[in-house]
Amino acid sequence: PSAMREVLVEVPKVRWNDIGGLKEIKQQLKESIEWPIKYRKIYEKVGIDPPKGILLYGPPGTGKTLLAKAVATEIGANFIAIKGPEIFSKWFGESEKMVREIFRKAKQVAPSVIFFDEIDAVAPRRGIAHSIDVYDSIVNQLLAEMDGITTKGDVVTIAATNRPDILDPALLRPGRLDRIIYIPAPDYESRLEILKIKTRSVPLAKDVSLEELARITEGYSGADLELLVKEAAMNGLRKIYNEIKLDNDSDQETLKKIEALNIFITMS
Ligand code: ATP
């Protein structure tokens, strides 16, 4: 019996302007992936191929997955997200079969973007891993599949890791994940942009200063900032609940009262 999971295909809806900061990186991804696919003929004329694979690396929660989804959205591609550890199977041969299945599905639903998160979990530098055989066969299968993609730009592989230093260098050779992009933690301007995006649909109290919040959240990732806004919204809801004894949210009067109250962002 096969223990293999079904490969799920998503239609992503992340636009470039849903991503705060990372301005140069967005530009780089547009130039290197989006435009060669959108303007295929022009690029062919000047002899530039879209890359088959890109590696995004950097600290966790900084928008690597979002970037991959935005690329897919903008080129009208399907999105297949795989976490490295999901490829592992204790059954002999199942891991390679899984890799084959991922690429088979990607070609079937092309144009598509395959996003391998935590790629270091399946492709560590040879000699680092304990069960060398399993890793080697997964890496070999990955390499074979990437080398086998001939249709230009129809299947783009994007991988992400926090540990580029432990990756098998064979993965980074030309024609594979040959574009390597560092995704940094957000600076002040980026944090401000992320806070603006995450509070787009949150009613804010008048005295909330996103500038001040961005200033005092040095070291926060995009994921941390998102959580902060969610917690503040929950606090706001709790306040509303306590003040108006919310018991029936289909009641028009109650809904009006909620709209009249502001959600207040507090720091935790
Ligand atoms: P990991 O390395 O942990 O897989 P990641 O770098 O792939 O993380 P994402 O999954 O893209 O990070 O982002 C995590 C969460 O934080 C998401 O819900 C995303 O909306 C939010 N986020 C992170 N960075 C940004 C950003 N620059 N702009 C908007 N939202 C962001």
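The values are calculated or read from the model by the stated rules, or taken from the named source; none is laboratory data. These figures come from a predicted structure and were not determined experimentally. Heads up, the Cβs are rebuilt from the backbone with ideal geometry, glycines too, and the neighbour counts pull from every protein chain shown. Areas reflect the complete protein model, heavy atoms only, side chains present, ligands, DNA and RNA absent. Shrake-Rupley method; radii C 1.70, N 1.55, O 1.52, S 1.80 Å.
Scan the stretch 108-127 and report the pairs whose first residue is part of a helix (DSSP H, G or I) and within 16 Å of the ligand (Cβ to nearest atom) and whose second residue is open to solvent by 30 Å² or more (accessible area, probe 1.4 Å) and modelled with pLDDT of 90 or more, with Cβ atoms within less than 7 Å and a gap of 6+ or a chain change.
Listed by first residue and then by second, the contacts come to ASP120/ARG163.
Given the condition assigned to a helix (DSSP H, G or I) and either hydroxyl-bearing (Ser, Thr, Tyr) or within 17 Å of the chain's Cα centre (by Cα) (or both), answer yes or no: does some residue in the stretch 96-103 qualify?
The answer is no, given that none of the residues of the stretch 96-103 is assigned to a helix (DSSP H, G or I) and either hydroxyl-bearing (Ser, Thr, Tyr) or within 17 Å of the chain's Cα centre (by Cα) (or both).
List the number of the failed condition for GLY76; all other conditions in (1) assigned to a loop (DSSP other than H, G, I, E, B); (2) away from the ligand (no atom under 16 Å from the Cβ); (3) open to solvent by less than 50 Å² (accessible area, probe 1.4 Å); (4) not acidic (Asp, Glu) hold.
(3)
Looking at the stretch 175-223, which of its residues are more than 30 Å from GLY148 (Cβ to Cβ), away from the ligand (no atom under 16 Å from the Cβ) and not in a helix (DSSP H, G or I)?
PRO203, LEU204, ALA205, LYS206, ASP207, VAL208, SER209
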